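Down below is the structure, laid out as structure tokens.
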Amino acid sequence: MLLRRAYLGVSNAFAMLRLLPMTDRDKDAEILALRHRIIVPERQLGKVKIRFTLSDRTYLAALLHPLPLHVLRRLRLLICPDAVLRWRRNFVARRHA
């Protein structure tokens, strides 16, 4: 589990480094493509609940936690903003337990 989190951390760091030389236009195009990749499964799955692993929930909670709630509600996610906040609370509770 620890090795998996370390791998995810390193791979995400390299993914962020890849964004440095990109122009704003390229980043906007990538964001639109990623949003479309979210819309397609939503449309195909309908009401089916998507299951995230603990590492997925931890990563999303850490990534989205700094955003205010009104911004989270505008984002196009496969999860509801309240779930992100709940995951963050659970992560912090486990960390300080």
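Return the total of residues in the range 36-60 being outside any helix (DSSP H, G or I) and more than 14 Å from the chain's Cα centre (by Cα).
Of the residues in that region, 4 qualify.
Criterion first (farther than 23 Å from Ala33 by Cα and either in the same structural domain as Asn12 (by the TED database) or in a helix (DSSP H, G or I) (or both)) does Arg94 satisfy it?
So Arg94 passes the test.
Check Arg51, Arg88 and return the single one that is open to solvent by less than 70 Å² (accessible area, probe 1.4 Å), closer than 21 Å to Arg5 by Cα and either of a type in the set (Lys, Arg) or assigned by the TED database to the domain that holds Tyr7 (or both).
So the residue among Arg51, Arg88 that is open to solvent by less than 70 Å² (accessible area, probe 1.4 Å), closer than 21 Å to Arg5 by Cα and either of a type in the set (Lys, Arg) or assigned by the TED database to the domain that holds Tyr7 (or both) is Arg88.
Please pick out the residue among Ala6, Ala33 that is open to solvent by less than 90 Å² (accessible area, probe 1.4 Å), over 22 Å from Trp87 (Cβ atoms), part of a helix (DSSP H, G or I) and not assigned by the TED database to the domain that holds Val92.
Ala33
Any residue at all in the range 74-82 that is at pLDDT 75 or above and surrounded by 11 or more Cβ atoms within 10 Å (Cβ to Cβ)?
Yes: the range 74-82 contains one or more residues that are at pLDDT 75 or above and surrounded by 11 or more Cβ atoms within 10 Å (Cβ to Cβ).
Taking the conditions exactly as written (of a type outside the set (Ser, Thr, Tyr) and under 15 Å from Trp87 (Cβ atoms)), does Arg43 satisfy them or not?
no
How many of the residues in the range 55-64 are open to solvent by less than 50 Å² (accessible area, probe 1.4 Å) and farther than 13 Å from Arg86 by Cα?
Summing the residues that are open to solvent by less than 50 Å² (accessible area, probe 1.4 Å) and farther than 13 Å from Arg86 by Cα in the range 55-64 gives 1.
The values are calculated or read from the model by the stated rules, or taken from the named source; none is laboratory data. In this text, all values refer to a predicted model and were calculated from it rather than measured experimentally. Don't worry about glycine lacking a Cβ; one is built from the backbone with ideal geometry, like all the others, and counts go over all protein chains shown. SASA here: full protein model, heavy atoms, side chains in, ligands and nucleic acids out. Shrake-Rupley method; radii C 1.70, N 1.55, O 1.52, S 1.80 Å.
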